[in-house]
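What follows draws every value from the coordinates through simple rules; no lab data is involved. If you're wondering where the values come from, they're calculated on a predicted model, not measured in any experiment. In this analysis, Cβ positions are derived from the backbone assuming ideal geometry, glycine residues included, and neighbour counts consider all displayed protein chains.
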Amino acid sequence: MAEETRTITESTNLRERLATLEETQRATLNILEDFDEEKAKLQRLQQATMNLLEDFDDERRNFQRVQKATLNLLEDMSEERAKLNDTQLALMNILEDVEVERVKAEQARSLLEAVNRELEAFSYSVSHDLRAPLRAISGFAQAVVEDYAPRLDDEGRRFLGLIQDNAHRMGQLIDDLLTFSRLGRQQLMETQIDLGTLAQGVFDELIAQSPGRQIQLVVRSVPPALGDKAMVRQVLMNLLSNAIKFTRPRHEAVIEFGYVVRRDQGAYYVKDDGVGFDMQYVNKLFGVFQRLHSVTEFEGTGVGLAIVYRIITRHGGRVWAEGEVDKGATFYFTLPEG
Amino acid sequence: MSDEKVDIVIVEDDPSDAELIARVFRKHNMVNKIVLLKDGAEALDFFFGSNANDQPKVVLLDLKLPKVNGIEVLQRLKSDERTKNVPVVVLTSSAENQDIKDAYKYGVNSYVTKPIRFEEFANAVSELRMYWLLLNKPFEGQTPVPTARRS
Amino acid sequence: MMTDRHVLNEETVGSKVEIVIVEDNPNDAELILRVFRKHNMANQVILLRDGAEALDFFFPPDGPAPGATLKIILLDLKLPKVDGIEILRRIKANERTRSIPVVVLTSSTEERDLNDAYKLGVNSYVAKPIKFDEFAKAVADLGLYWLVLNKLPAR
């Protein structure tokens, strides 16, 4: 029986051992399966890593390309910066030169201003100091006439009259010369000018000083001009005053102010029907102290037209005249367009 | 010093101008007394000196005067109780804006520039005479009498 | 008829007022304006009718003060609300207005008014003539003197 028990026990043990073995075998198979799975996973991982490494290589190559490009760019930038430096240096040289020129110009301007001031002060002195004695001359001539009238004969009175006339004339000359000299130095203050209105205004002023004269002024439509209003007014004043003066022999005078275009050139004009002038002397008209009539015929200092000439020339314009003896005269001038 | 009432005091250094101005005032025979002074010192002496005088109806005052200039004379006249009520008219060849400003600053009654031409000059002086001797009424109050004054 | 409105619009004050007349008597005011106009002296005239208007004009509480172009103030003394002497005092006490010539043009013959005016620095004192033609001549002479002969500083 012991043998039977032993065999049963042995077969139980065997069966247990077989079960255990089977279990172990199963477990091993499971493990082998898991292992296979793991191996597959690993392989997949390996493959993924290899892909990643490939991508990484691509990226690395890209990066290298970018790096190269950046290096090129930096090189170009360096070049440009060098060029910029050169340009900057050149500019600084130019600025220095400009500054030198500016300082020179400034000095020249200061000098000019100083000279102008001196001239102005001189003119002022001249004006006052030259003319003060004239006042005394006229004043005392008048005093003699008033206080010694009964003791004066006609000659005496005539002489005194001449003294006063000449004092007056000298005063006028001084005025005209001062105006003339000032014109060369004054700065032009440019504005738009309506010459038609200006001419009418100047004429009205002048005619008020000559009551009894029959003068018709015709003002035509004229384009605006660009210029120094005070100076242009002086031009009109001188031309119109001449027109009024030289039409004195006419019972009824006609003066015209207008604008004419000839050969593409436009010009303003003052035309009168007065005593006119001989065209062979036309070149003398605008000279200083040049006169074509004697003082007894028509008063004047001979500076009026020289002043007109100077003003128009300073504006960059031209002035000229046409006339015929006893048929009147026309004075033309040009000015920049307004 | 004088018993006659002074109508006008002219302070002018140029003798020709002074004479021409005085002529205009004398011409009309209505003027009692004209006093001509030729520089600022004489002017100050006339008004403030030991023989200080009655107030004139008007003072014509040039600006460019020797010794003491016109602006200073004006200043003295307008700041002293004895003389501040006298009309002072500056009559000068200066048309400088600074001079005009200064004159008004010190209380000038009127500022007139001498015309250059004689005829206009004579007319201006004539107008001055007409305005300040005939049209304007001068101060009538008592002026403080300086102690050292001869009557 | 020249406008005698004292109401000042922007235009009047901003533009070149040259003459100020402070006068309450309407006849005298009209006469003065006529004379100025006749002699082409009525450039830009403002007529103020009493002392209060004058103060408002010269010392406006707000808005533009009278321009630098004033050449003459004709000032009557007997004014309603604020009298002429007070106006004169204010004008001569103010830095901005004291160099504008003030001419008292009044019917007052009181020595006191005359002396007070001079003590306050009036430029000139003129008594209104009784007769019409003399009055007109006086105004014309006044205008001629202060507008033409008298010189003012450029402001």
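How large is the helix-only mean residue ellipticity at 222 nm for chain B, computed as the sum of -39500 (n - 2.57) over DSSP H runs with n ≥ 4, divided by its residue count, in deg cm²/dmol to the nearest 500? All intermediate terms of the calculation are to be shown ahead of the outcome.
On the way: 5 runs with 52 residues, N = 151.
Mean residue ellipticity at 222 nm (helix-derived): -10000 deg cm²/dmol.
Let me know the shape class of region A:299-338, please: from the alpha-carbon gyration tensor, a ≥ b ≥ c as square roots of the eigenvalues, rounded when a/c is under 1.5, otherwise prolate if a/b is greater than b/c, or oblate. If you can, show how the numbers build up before the last one.
Values: a/c = 3.48, a/b = 1.45, b/c = 2.40.
Oblate is the answer for region A:299-338, as a/c is 1.5 or above yet b/c matches or exceeds a/b.
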HN-Hα J in Hz across region B:130-140 - Karplus 6.51, -1.76, 1.60, θ = phi - 60°, x for Gly and Pro | 4, 5, 7, 9, 10, 7, 6, 9, x, 4, 10
Most exposed first, judged by fewest Cβ atoms within 10 angstrom, A:315, A:251 run A:251, A:315
10 Å-binned pair-distance histogram of region A:96-208 (Cα, whole percent) = 11, 21, 23, 22, 13, 6, 3, 1, 0
Distance in nm between pseudo-label sites at residue C:107 and residue A:78 (7 Å out along the Cβ direction from Cα) = 10.5 nm
Sort A:272, B:80, B:102 so that the residue with the fewest other Cβ atoms within 10 Å of its own Cβ comes first and the one with the most comes last.
-> B:80, B:102, A:272
Would you kindly derive the ³J(HN,Hα) couplings of region A:274-284 from the backbone phi angles with the Karplus curve 6.51 cos²θ - 1.76 cosθ + 1.60 (θ = phi - 60°), listing them in order in whole Hz, with x for Gly and Pro?
-> x, 6, x, 7, 7, 4, 5, 9, 4, 6, 8
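When A:180, B:48 are ordered from fewest to most other Cβ atoms inside 10 Å of their Cβ, what list results?
Numbers: A:180 18, B:48 14.
Lowest to highest Cβ neighbour count: B:48, A:180.
Looking at this model, which pairs from A:229/B:78; B:57/C:81; B:101/B:137; C:71/C:137; B:105/C:131; A:271/C:38 are more than 31 angstrom apart at the alpha-carbon?
On the way: A:229/B:78 43 Å; B:57/C:81 33 Å; B:101/B:137 25 Å; C:71/C:137 20 Å; B:105/C:131 37 Å; A:271/C:38 35 Å.
The answer is A:229/B:78; B:57/C:81; B:105/C:131; A:271/C:38.
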Mind giving me the nanometre distance, one decimal, between the label points for residue A:65 and residue A:194, set 7 Å out from Cα along Cα→Cβ?
-> 7.7 nm
Give the shape of chain C as rounded, prolate or oblate, defined through the alpha-carbon gyration tensor: a ≥ b ≥ c are the square roots of its eigenvalues, a/c under 1.5 means rounded, and otherwise the shape is prolate if a/b is larger than b/c and oblate if not.
-> rounded
For labels at residue A:182 and residue A:265 in the simple 7 Å Cα→Cβ model, what's the distance in nm?
-> 3.1 nm
